[in-house]
Structures are given as structure tokens and as C-alpha cells.
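S.K.: What follows is a single structure, and I will ask about it in a moment.
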Amino acid sequence: ENRTRSVTIEMEYNRPLSEKLQLTSGIKYEYSNLRFGNNQTYSNAIFNLYSGYAGLNYEISPQWNIDGGVNYQFYSGKTQTSTWSPRLRTNFKTSFGNIWADYAQTVQYLSIYPFFTIKSPLDIYFPLGQQSRPAVCHQISLGADKQLNEHIYLYAALFWKNMQKVKDFTDGLKNDYSNLEQQLTEGKGSAKGIELDFIYNSDKIYFRANYTLSESWRQFDAINNGKKFHPPYDIKHNILANASWKFHKSWTLNFMWTYQSGSYATFPVGVSIAQDINSPDKTPQFIPIYGNRYNFKLPDNHRLDISASYYRPYKKLDLLLNIGIYNVYNQPNASFVYFKPEKKDTYYTRFTPQSRVLLPFIPYLSLTINW
């Protein structure tokens, strides 16, 4: 079982203080109740998060403005802690386009305990333990964008992140969730990258291409003997391309292609054999032996989606029909990976990686009626 119940209440207050000065402010309350476990052992985690934020936007000139502020958060769960997080952004308009620089500090109160090798809905979100502080990230980014003409838009940005008190879990039993707090450990990390975006938009054709190049690492004293490693969700190359063609006043043809570098997984480096002497048949049990964590990079994944949409207003109704195919060429992108012992002969057994694909070639049809 893996269940989350949450309630969020938020109120904003914004107003101009002068012709060039704008105030933004607000308060927010979040309640979360997390429950996870198996048939024998369950754990519940409840926490409250109180937030307040305020910022000022000042127009120095028609071409230059500065936006700054601060967030305050008070966390109340198994531990109580508060954090102040500043932010500052400046934007400068030139004949070459908009140029901006941004600094922000963010905090994270939840850690992810992965159930499978690849991120899945079964992953457990675990809050702060006793005497624990939230993870803190300092991010700096620089960027520029330009509207070349009425059809073409360009965007480019660089980013760098420094992370402290990052959380991960030391080795433990996958079917025992009662001691996750004891397995939680702190470390540090960093990430850097570049993002490029191109958009063409006209009456009949829309096209967008986005590319992100990034690199991320983590370091924990209690994991991989203190050596740096790439976390499982570190994606070096990420490409998105989508296009729409309105070939009729009611019909639109859509294409989307995505590509991602493979994520990192932990593969066993050996096998041991255990025998249950109380078992009638004394069947041997094969147990994988693991070395460093995240020691293998999975294959890259990609897919193509195609759809056609038909839109027609009818009296007081709006009719929208969608016909499409998900994963057109049936690319077998692994949804999760597990290992299966294979006995080759009397003296040789090895663990072979197996993968499962949850979303293969899928055609679909949908009809939406709005009134």
C-alpha cells in the first residue's frame, strides 16, 4: 500500500505600491498524511507545512526591472524546523532580445524511496525524520530569449545547482518499511546544464524543438564508500519535438517525438547460495550480491506519438474527437528492471536482468463534449 492524502489552502495579496513598484505576497498551508507498507507492517507519517512569501518588482527603466523576495516555511512533523529562502531575478531588454539572471534558494521536505529501478507510482515519499533538516538547493541561471518575428521564438539558458543535506537511503530490506527513518542519510550534490528551445507558430503549422543537456551527481559517506555517483534519475540528454498541422478548418494532425538518455540502475556483481535446512526438498536459494550503487546505465529510450483531432461547434455544444497512437513504432522502453537467477549447469548460476514494458503500442479514441 502507498497512499497520500493532502490538503492545501493558499491566499495571495498583490497590489501596486507606485507606478514602478509592485508588491506580491501570500500565505499557504499544507497538510499531508502518508501511509505505506505491506500486509505485515504499515507506517504513517503526518506533517504540516506553513509558508509565507513576499516580493517586490521594481522597474528601473522600461528596459530593466528587478524582482526580489523571500519565502518563509515552518515544518511540523516528527521534527520542527523553519527556513528562510531568498530569491532575486533581473531582466534586461535589448535589441538582441531579453537577457535575464536568476538566483533562488529552495528547500525539500520529502525524500523518494524508489520501489523499482525507474521512477514509478509505487515510489514512497518519505518526510523528514527526527532531528533532520530539509534538503537545500541554491540555483543560479542565466538566459536569453528572442522573438525573431511573428512566427519564430528562440530561448537559451544555463543553470547550476548546489545541493546540501540531500537525502537518500542506505541499504535495507525492500519489504520492511518500519525502519526507513534509520536508513535515511544525508549528503550533497550538484547539477549543471543548458537548455535550448525553438518555436515556430503560424496559422496552420506549429513546431517546437527543445533540448536539455545536463549532468548531476550525489555524494554520501554511507553510500558507495563516499565516492560521487550519478543518481538514478540523472538524464544527460533530453529531446522533445512536437508538431501540429491544421490541414482543414476542423482537422489537426499532431506529432510528438521524445528521446532520453538511459537512467542509472544497480546491477548485482555476484551471487551466493543459501539452503533452508527446514525445507522438505532443501531447495537452494540464490541471493544476489551487490557492490556499488547505480553502477549500470540503462539503454536510451524514445518514442513517437501521432494523433488527429477533429473540432466542431454544434449549436451550444463543442465536439472534440481525438484519434491517435501512443508509441507508434512500439519501442520497448523499460518501465522497471529486476533480476532473475538462471542456472546454466550444476556449478554455474547467474542473475540475468529482466525488464518490463508497461506502455507499448497503444491506439486510442476519445470524444469530448463541452457545453
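S.K.: Would you please name the residue that is farthest from Asp102 (Cα to Cα), looking only at residues in the stretch 141-168 that are open to solvent by 70 Å² or more (accessible area, probe 1.4 Å) and within 19 Å of the chain's Cα centre (by Cα)?
M.R.: Lys165
So that you can scan it fast, the table gives a plain yes or no per residue for (1) more than 19 Å from Ile194 (Cα to Cα); (2) of a type in the set (Gly, Ala, Ser); (3) at pLDDT 95 or above:
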position: Tyr206; (1), (2), (3): yes, no, yes
position: Asn210; (1), (2), (3): no, no, yes
position: Leu213; (1), (2), (3): no, no, yes
position: Asn224; (1), (2), (3): yes, no, no
position: Phe229; (1), (2), (3): yes, no, no
position: Asp234; (1), (2), (3): no, no, no
position: His237; (1), (2), (3): no, no, yes
position: Ala243; (1), (2), (3): yes, yes, yes
position: Phe247; (1), (2), (3): yes, no, no
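S.K.: Moving to a separate point now. Determine, yes or no, whether Tyr311 is surrounded by fewer than 16 Cβ atoms within 10 Å (Cβ to Cβ) and touching a residue at least 24 places away in the same chain (Cβ under 8 Å). Before the answer, list the steps.
M.R.: Details: surrounded by fewer than 16 Cβ atoms within 10 Å (Cβ to Cβ): yes; touching a residue at least 24 places away in the same chain (Cβ under 8 Å): yes.
Yes; evaluated as a whole, the condition is true for this residue.
S.K.: Starting from residues that are outside any strand (DSSP E or B) and not small (Gly, Ala, Ser), keep the ones in the stretch 15-31 and report whichever is farthest from Tyr72 (Cα to Cα).
M.R.: Residues of the stretch 15-31 outside any strand (DSSP E or B): 17-20.
Add one more test, that the residue is not small (Gly, Ala, Ser), and what stays is 17, 19-20.
Working: Leu17: 22, Glu19: 27, Lys20: 25 Å.
Checking each candidate, the answer is Glu19.
S.K.: Quick check on the stretch 169-204: of everything there that is open to solvent by 40 Å² or more (accessible area, probe 1.4 Å) and of a type in the set (Gly, Ala, Ser), which residue is modelled with the lowest pLDDT?
M.R.: Gly172
S.K.: Would you mind telling me which numbered condition in (1) open to solvent by 50 Å² or more (accessible area, probe 1.4 Å); (2) assigned to a loop (DSSP other than H, G, I, E, B) Tyr294 fails?
M.R.: (1)
S.K.: Can you name the condition, by its number, that Leu358 falls short on among (1) in contact (Cβ under 8 Å) with a residue 24 or more places away in the chain; (2) within 25 Å of Phe255 (Cα to Cα)?
M.R.: Only one criterion is unmet by Leu358, namely (1).
S.K.: Please tell me if Ser25 is touching a Lys or Arg at 6+ places or on another chain (Cβ under 8 Å), surrounded by 15 or more Cβ atoms within 10 Å (Cβ to Cβ) and either at negative phi or at pLDDT 95 or above (or both).
M.R.: On the way: touching a Lys or Arg at 6+ places or on another chain (Cβ under 8 Å): no; surrounded by 15 or more Cβ atoms within 10 Å (Cβ to Cβ): yes; either at negative phi or at pLDDT 95 or above (or both): yes.
It is false that Ser25 is touching a Lys or Arg at 6+ places or on another chain (Cβ under 8 Å), surrounded by 15 or more Cβ atoms within 10 Å (Cβ to Cβ) and either at negative phi or at pLDDT 95 or above (or both).
S.K.: In the stretch 6-58, how many residues are acidic (Asp, Glu) and over 21 Å from Pro134 (Cβ atoms)?
M.R.: Taking the stretch 6-58 and keeping what is acidic (Asp, Glu), we get 10, 12, 19, 30.
Checking which are over 21 Å from Pro134 (Cβ atoms) leaves us with 12, 19.
Here the count works out to 2.
S.K.: For the stretch 322-361: of the residues being open to solvent by less than 60 Å² (accessible area, probe 1.4 Å) and of a type in the set (Val, Ile, Thr), which is farthest from the chain's Cα centre (by Cα)?
M.R.: Thr349
S.K.: Restricting attention to the stretch 32-51, which residues are surrounded by fewer than 14 Cβ atoms within 10 Å (Cβ to Cβ) and part of a strand (DSSP E or B)?
M.R.: Step one: of the stretch 32-51, the residues surrounded by fewer than 14 Cβ atoms within 10 Å (Cβ to Cβ) are 33, 38-42, 44.
Within the stretch 32-51, Asn33, Tyr42, Asn44 qualify.
S.K.: Has the stretch 3-16 got any residue that is surrounded by 10 or more Cβ atoms within 10 Å (Cβ to Cβ), charged (D, E, K, R), free of Cβ contacts under 8 Å to residues at least 24 places away in the same chain and over 15 Å from Gly69 (Cα atoms)?
M.R.: Checking the stretch 3-16: at least one residue is surrounded by 10 or more Cβ atoms within 10 Å (Cβ to Cβ), charged (D, E, K, R), free of Cβ contacts under 8 Å to residues at least 24 places away in the same chain and over 15 Å from Gly69 (Cα atoms).
Every residue, every condition in (1) open to solvent by less than 60 Å² (accessible area, probe 1.4 Å); (2) modelled with pLDDT of 95 or more, yes or no:
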position	(1), (2)
Lys78	no, no
Phe92	no, yes
Val107	yes, yes
Ser111	yes, no
Phe126	yes, no
Gln130	no, no
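The values are calculated or read from the model by the stated rules, or taken from the named source; none is laboratory data. Note that the coordinates shown come from a computational prediction; the quantities given were computed from them, not determined experimentally. Ideal geometry is used to build each Cβ from the backbone, glycine not excepted, and the neighbour counts take in all protein chains shown. All accessible areas refer to the heavy atoms of the entire protein, side chains included, with ligands and DNA or RNA removed. Shrake-Rupley method; radii C 1.70, N 1.55, O 1.52, S 1.80 Å.
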